[in-house]
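Working notes for the structure below.
Where a number appears in this text, it was derived from the coordinates with a stated rule and is not lab data. These numbers were taken from a predicted model, which means no experiment stands behind them. So basically every Cβ, Gly included, is an ideal-geometry build from the backbone, and we count neighbours across all protein chains shown.
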């Protein structure tokens, strides 16, 4: 009996020491997931504004209401080099011109609204399916795939966007590019993975602080890109901002592949 009691006592002591040793193992650092999260939020913040501007300018050009900087410069040059008598004889008054352009701009708004509806549908359905399939299985496949795939989709989308803008391809190619991007998931998938990662790496009050800090950063980080793209599009076109978003997406993908650790064991 004494031998058995000593044996049990030794096993309990060994188990207690093992648990104490495991408790001293430092958890994964939760803030390592912030870089890919912030990168996807930055590029996603400018996407709706840039896409809407592309669509509106396309239809303005189609209906003869091109408001691009080059068109404005050309119109200004023509007006300043035209003689005053010919100007009044050859051009309608501002009121008449406004009344003529008003129906055309209604057509621009109508076609832009139709395109935005189609664009939302082609993006919503594949993104929803991907989010449901991957989100419900992230405890099995891990957190990193949910960080990697949306960046792959962004890279594909921005690459196709550069081709569409450079060659002035039809609206169908814009829809195809957005649909392909949505197959890889949306920024919501990265958000889901990030908060799951933080949950894995924190506990108690530390988790609350981590959530509050992450939500605060993600809220404020989207303001500056939205303002910047709005100012840029007033004077320039799309190649530079699309290229910047493509570069940020490549950085996010490389980070998720080679730096971001996995928070779930045996994955």
Roughly what would the spin-label model give for residue 266 and residue 169, points 7 Å off Cα along C-beta, in nm?
-> 4.6 nm
Residue exposure sequence - 203, 193, 187, 247 - by fewest surrounding Cβ within 10 Å | 203, 247, 187, 193
Would you kindly state how much longer the chain becomes between residue 32 and residue 236 on full extension, computed as 0.36 nm times their sequence separation minus their alpha carbon distance, in nm to one decimal?
-> 69.9 nm
Contour minus end-to-end for residue 215 and residue 159, with contour as 0.36 nm per residue of separation and end-to-end as the Cα-Cα distance?
-> 17.2 nm
Rg to Rh, two decimals, where region 149-247 supplies the alpha carbon set and Rh follows Kirkwood | 1.09
Rank the residues 151, 219, 211 as a footprinting-exposure proxy: fewest other Cβ atoms within 10 Å of their Cβ go first.
-> 219, 211, 151
Could you put 199, 172 in order, starting from the residue whose Cβ has the fewest other Cβ atoms within 10 Å?
-> 172, 199
What FRET efficiency do you get for residue 208 and residue 113 if R0 is 51 Å and r is their Cβ-Cβ distance, rounded to the nearest 0.05?
-> 0.75
What full-extension length gain, to one decimal in nm, is calculated for residue 199 and residue 176 as 0.36 nm per residue of separation minus the Cα-Cα distance?
-> 4.7 nm
